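The values are calculated or read from the model by the stated rules, or taken from the named source; none is laboratory data. Because the structure is predicted, anything quoted here is derived from the model rather than measured. Heads up, the Cβs are rebuilt from the backbone with ideal geometry, glycines too, and the neighbour counts pull from every protein chain shown. Remember, those area values only see protein heavy atoms, side chains included, never the ligands or the DNA or RNA. Shrake-Rupley method; radii C 1.70, N 1.55, O 1.52, S 1.80 Å.
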Amino acid sequence: FDELILWRREHMWRAGVTDIFERAWINHLVRDTFAASESDIHFGGALFVLRVNRRPAAALFCLRARKALHAWFISHDARYTEYSPGAILISEAIRAAAEQGYTELDLGPGDYRFKEGFANASRPVGAGFIGRPGLASATRAAEFQVRALVEMLPVGGLRHWPARAMRRLDLARGLRAAIDPNRKAA
């Protein structure tokens, strides 16, 4: 588990994205979820590890509830990148999860080719927010309207940019809110 966190942090650093694990509350949340008792069928973590010569080469951490798993994050030892350890691990995790009685492994939203290769079903995922009337809510509503408009345009891969930008804004807002517990939510 610690190796997975280390790989994930290194990946975020190389990609130039925010290292969410710099925040203590995120570390506690992820570790508490991982440590949740396996006997609690309602919620907890599940870790799948791909090994090469008995050493971890890739790891997948999922949230679990009843018979469903939701892939939360995956990473691998950079030495094995050319062998697609993440794809191999997901394939093996699907097999192992089914043997343990799980009926679903949700790979989350996003039109990624690797997800299409593993999927046998899909469902629409919506995005939205609830807010009090005011400038902050009007601004947020405008963000969602722009996103919806761009996603309908025939602009190829560019149609995903608003969603990615909004996820980064949400991440920044979430991290900032956690720093100042007395700050009013937008």
Boolean, Pro124 is part of a loop (DSSP other than H, G, I, E, B), surrounded by 13 or more Cβ atoms within 10 Å (Cβ to Cβ) and under 24 Å from the mean Cα position of the chain (by Cα): no
Those residues of the stretch 74-91 which are surrounded by 15 or more Cβ atoms within 10 Å (Cβ to Cβ) and among the basic types (Lys, Arg), in sequence order: none
Some residue of the stretch 142-155 being in a strand (DSSP E or B) and surrounded by fewer than 16 Cβ atoms within 10 Å (Cβ to Cβ): no
In the stretch 1-48, residue farthest from Gly101 (Cα to Cα) [restricted to those that are basic (Lys, Arg) and assigned to a helix (DSSP H, G or I)]: Arg14
Failed item, numbered, when Ala15 is tested on (1) of a type in the set (A, V, I, L, M); (2) surrounded by 12 or more Cβ atoms within 10 Å (Cβ to Cβ); (3) closer than 26 Å to Leu169 by Cβ: (2)
Members of the stretch 5-50 that are touching a residue at least 40 places away in the same chain (Cβ under 8 Å) and among the acidic types (Asp, Glu): Glu10
Residues that are open to solvent by 50 Å² or more (accessible area, probe 1.4 Å) and assigned to a strand (DSSP E or B), drawn from the stretch 92-116: Glu104
Every residue from the stretch 56-81 that is more than 13 Å from the chain's Cα centre (by Cα) and assigned to a strand (DSSP E or B): Pro56, Ala57, Ala58, Ala59, Arg64, Ala65, Ala68, His76
Residue selected from the stretch 127-141 under the condition part of a loop (DSSP other than H, G, I, E, B) and open to solvent by 70 Å² or more (accessible area, probe 1.4 Å), by the criterion nearest to Glu104 (Cα to Cα): Phe129
Meets criteria (buried (at least 17 other Cβ atoms within 10 Å of the Cβ), modelled with pLDDT of 95 or more and either within 15 Å of Leu4 (Cβ to Cβ) or in contact with a His (Cβ under 6 Å, 6 or more places away or on another chain) (or both)) for Ala71: no
